[in-house]
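The values are calculated or read from the model by the stated rules, or taken from the named source; none is laboratory data. No experiment lies behind these values; they were computed from the predicted model shown. Here the Cβ positions follow ideal geometry from the backbone for every residue, glycine too, while neighbour counts run over all protein chains shown. Surface accessibility is based on the protein's heavy atoms, side chains included, excluding ligands, DNA and RNA. Shrake-Rupley method; radii C 1.70, N 1.55, O 1.52, S 1.80 Å.
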Amino acid sequence: MTNISSTHSVDTRNPYGRTYGWPRSLYEEISQLADISFIIYVFAYLNAAAKKAHELGVVFKGMQVDENSHLAKKPNMKSSSLERTFTPDEIQKLITDNLEFLQEHFAGFGFEEPTLSNTIKSLERMNQPSAEDDEVAPSPPVQSGVESTRSLASSSSVTTVRTKASARPWRAYTIEEFEDKFQTDELVYSLVKDSFHKRITLVFRGSENKLGAAFSNWTTNLSAQVKDAELPPIIHGNIDDQNMGLHGGYYNYIFRKTEDTTDDVNLTKYDQIKEDVMGLLNKFPGYKLYVTGHSLGAGLATIAAFYLACEKDIPEPVTCINFASPRVGTRSFLNACQYLEKTCQLRMLRVVNDNDTVAAVPIGNYVHAGFQITLYKDEWFFKAKEPDLYYPNLKLGWTEWLTISWKNSIPASLNIGFDHIDYRERLELPITREFLEKYDLVSLYQNTDMTGFELVPH
């Protein structure tokens, strides 16, 4: 794995512009996306519970279901399943107000201890500013990155405004969209608006075995044949490859025709997602697009973020931070991703647990793209060590690539304990948090020793 020294080569200018307040540390950015990525599972269960209650003639407080057993639609979003937006506080209230029903009819879905307490903590965290949020970006906007921020903050020409937790905007986090009406055949996604950090987050739900989606989810996971996909026009001619290899199951899940008979016959799931994303970005100018997901959702997030970053109407860059992602593309896809990263149109970070077999498949010609953070945990006989951080620098020698390949291989990641979900626990370990607070994603992309290229804004 590539080590980062305190003297690494970093351009102090912000290649992504100075009009957006990028997170100041990896910990801040990863932890926020982790909560959103895993809360989507909980919201899906609440959605299913509201439908079940409707079938039984029982009132499920806080969620309305129509005559077709779908959540009532928002009129301003064509594909939406929601009659209104939901905040973390309101999701928590859905749980507490309907807990007896949830524990009786949805046993094993995480509404018992200790999972219930962890869910409540995640929801409470989303409504509380972090220590880094206490300091609002100066005006004019600061450069991103720990060092550049400190430099500007110390300048007499910049006034830093302090704020308290109570200053977080009302309804700062809202679930704006949740689409699972055809989950037995289609992927499930959600859109979350964060008015504090000015971001719209596209979230893909991971593999789900309890809500009738197991067959389509696992058929998608296991359909690992390589799909020979055309390069988007923005990339064509800028790399040596003529096409790129993608995970066939994930690609087809995203680009399949929608199941809704009221849709245009040529409308794909990607078209639907793009329409919803653009609707929110147009409604909230100045916001950036983030994409996230866990497991299957992480694989979908990687491919979707890549294609969305190629859309000229979406603000640059698109940021993908995902958890437990399997490999989704061949070396040609890696080349295409790195072109978008180099030209400041895409930022990509994968977070994986040590010894998570899911993140080591599929094998063959598949490779990982973007930065990778590997998290460790305390074991019986030794304490967790610092996370590993590496980037697939195409200029690395064969010995370094061999080391990386081994660490991401199935034998090295064989996991009897199936450490596939305890991300929050690992993120909060002091040694992990201290490491992640040293770095930020903007500065990492400016580290030419690590990436092997210089950023050239598009």
Review point. Since VAL328 meets every condition but one in (1) over 28 Å from TYR423 (Cα atoms); (2) in contact with a strand residue (DSSP E or B) (Cβ under 7 Å, 6 or more places away or on another chain), which condition does it not meet?
Key: (1)
Review point. Residue check: is ILE234 open to solvent by less than 60 Å² (accessible area, probe 1.4 Å), in contact with a His (Cβ under 9 Å, 6 or more places away or on another chain) and in a loop (DSSP other than H, G, I, E, B)?
Key: yes
**Study point:** Subset of segment 259-283 (residues that are free of Cβ contacts under 8 Å to residues at least 40 places away in the same chain and of a type in the set (A, V, I, L, M))
**Key:** VAL265, LEU267, MET278
Check your understanding: Out of all the residues in segment 378-435, which are open to solvent by 50 Å² or more (accessible area, probe 1.4 Å), of a type in the set (Phe, Trp, Tyr) and either modelled with pLDDT of 85 or more or closer than 20 Å to SER295 by Cβ (or both)?
Key -> PHE418
Check your understanding: So which residues in segment 43-62 are out of contact with any helix residue (DSSP H, G or I) (no Cβ under 7 Å at 6 or more places or on another chain) and part of a helix (DSSP H, G or I)?
Key -> ALA44, TYR45, ASN47, ALA48, ALA50, LYS51, HIS54, GLU55, LEU56
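For (1) surrounded by fewer than 14 Cβ atoms within 10 Å (Cβ to Cβ); (2) more than 25 Å from the chain's Cα centre (by Cα); (3) part of a loop (DSSP other than H, G, I, E, B); (4) modelled with pLDDT under 75, each residue gets a yes or a no:
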{"residue": "GLU100", "(1), (2), (3), (4)": "yes, yes, no, no"}
{"residue": "SER117", "(1), (2), (3), (4)": "yes, no, no, no"}
{"residue": "SER122", "(1), (2), (3), (4)": "no, no, no, no"}
{"residue": "VAL136", "(1), (2), (3), (4)": "no, no, no, yes"}
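Being of a type in the set (Val, Ile, Thr) and buried (at least 17 other Cβ atoms within 10 Å of the Cβ) is the filter here, so list the residues in segment 268-319 that pass it. So that I can check it myself, show each step before the final result.
Residues of segment 268-319 of a type in the set (Val, Ile, Thr): 268, 273, 277, 291-292, 302-303, 314, 318-319.
Matches in segment 268-319: ILE273, VAL277, VAL291, THR292, THR302, ILE303, ILE314, VAL318, THR319.
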Point to revise | segment 429-458, residues that are in a helix (DSSP H, G or I) and not aliphatic (A, V, I, L, M) | key: PRO430, THR432, ARG433, GLU434, PHE435, SER443, TYR445, THR448, ASP449, THR451
